Amino acid sequence: MKQEKQYCWDAEEYAKHSSAQQIWARELIAKLQLRGNESLLDIGCGDGKITAEIAAQLPEGNVLGVDSSPDMIALARKHFPRDSYPNLSFELADASHLCFKKQFDIVFSNAALHWIKDHKPVLSGIQKSLKAEGRIFLQMGGKGNAEAITSLVDGIIGEKEWCAFFADFSFPYGFYTPEEYIQWLEEAGLHPKRVELIPKDMSYENKDGLAGWLRTTWIPYTDCVPAHLRKKFISRVADKYVEKNSLDNEGRVHVDMVRLEVEAKSE
């Protein structure tokens, strides 16, 4: 099996440019209908702010956030120390190699799993992590996510100035359909309850905000470009996107997103 590439995240930068992900996470948290005493695993916890919000709703429970980025885990531990958040902890872990056994009532993940192409080992690990009748709530980029900007970027990386840097590049994200995901859930011994694509609007105050998002989260693309040219590459993408997609009346930039939302249960 091909190993998923690990990217080097700037955790502080991500914290500045992930407001949309935080909003979507809160929508997903509301669907958990927490009692307050559950044990919960947050896969791809990032800087930990969402994980901490969940922990605040589980005064008699406990929450573990895991992420494959050492910088993210370090930032989460810094902002949410165990002595101040006794029911909250963070560990470095790969979503494709989870090692938990019947430990959690709920497995949660928001805006993380589309970074992995092969979800079968992820779902197998989730199944093993759950207690009997455990619940799963996942949200990630789905089929058609950010299509306008990804197709635009595909054109830019084919331009003469950039194409040499992307000679061996392949699309880095796993954006899937409900039909594909239902099959993988069932193969992992999990029971789908609701699997659907949900359109979302992501907006930024101006073109600089869009560029910040590109700089922070489009690492698979920007890593291909020499460091001294990355700012120019990001500006090229942001300029082209704004040229093709009009700003709204308040000057905001909008990106159409599609989220795959998954609710399932263990046996």
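Here, each number is a calculation from the coordinates, and none is a lab measurement. Treat the numbers as computed from the prediction; the structure is a model and nothing was measured. Cβ sites come from the backbone with ideal geometry, for glycine too, and all protein chains shown count toward neighbours.
Helices in the chain, meaning DSSP H runs of at least 4 residues, each add -39500 (n - 2.57). Divided by all residues, the mean residue ellipticity at 222 nm is -10500 deg cm²/dmol.
Debye sum, Cα scatterers, the chain, no solvent: what log₁₀ I/I(0) at q = 0.07, 0.11, 0.17 1/Å? Reported log10 I(q)/I(0), two decimals: -0.25, -0.63, -1.40. With contacts taken as Cα pairs under 8 Å at a separation of at least 6 residues, segment 14-129 carries a relative contact order of 28 percent.
Quote the charge dipole size of segment 74-134 about the Cα centre in Debye, to the nearest 20; the model charges only the Cβ of Lys and Arg (+1) and of Asp and Glu (-1). Don't skip to the end; give the middle numbers.
Values: 9 positive and 6 negative charges, 20 e Å.
Dipole size: approximately 100 debye.
Taking all Cα pairs closer than 8 Å and separated by 6 or more residues, the relative contact order of the chain comes to 21 percent. Among beta bridges from DSSP that stay inside the chain, the antiparallel ones total about 50%.
In units of the rule-of-thumb radius 2.2 N^0.38 Å, segment 134-259 shows an alpha carbon radius of gyration of 1.24. Using +1 at the C-beta of Lys and Arg and -1 at the C-beta of Asp and Glu, which of VAL258, TYR176, ILE54 has the Cα lying farthest in the positive direction of the dipole of the chain? Highest projection toward the positive end goes to ILE54. In the chain, a dipole from Cβ-located charges (positive for Lys and Arg, negative for Asp and Glu) runs towards its positive end, and of VAL195, CYS45, GLN103 it is GLN103 whose Cα lies farthest in that direction.
Here the relative contact order of segment 52-202, from alpha carbon pairs under 8 Å that lie six or more residues apart, stands at 20 percent.
Would you mind classifying segment 201-258 by shape? Square roots of the alpha carbon gyration tensor eigenvalues, ordered a ≥ b ≥ c; an a/c under 1.5 is rounded, otherwise it is prolate if a/b is larger than b/c and oblate if not. Present the calculation step by step, with values, prior to reporting the outcome.
Numbers: a/c = 2.42, a/b = 1.83, b/c = 1.32.
Prolate, because a/c is 1.5 or more and a/b exceeds b/c.
Quick one: dipole size for the chain, taken about the Cα centre, charges +1 on Lys/Arg Cβ and -1 on Asp/Glu Cβ, in debye to the nearest 20. Intermediate results must be reported in sequence, preceding the final value.
Details: 33 positive and 40 negative charges, 51 e Å.
That gives a dipole near 240 debye.
Each peptide in 134-141, 67-74 was scored by the mean count of other Cβ atoms within 10 Å over its residues; highest first, the order is 134-141, 67-74.
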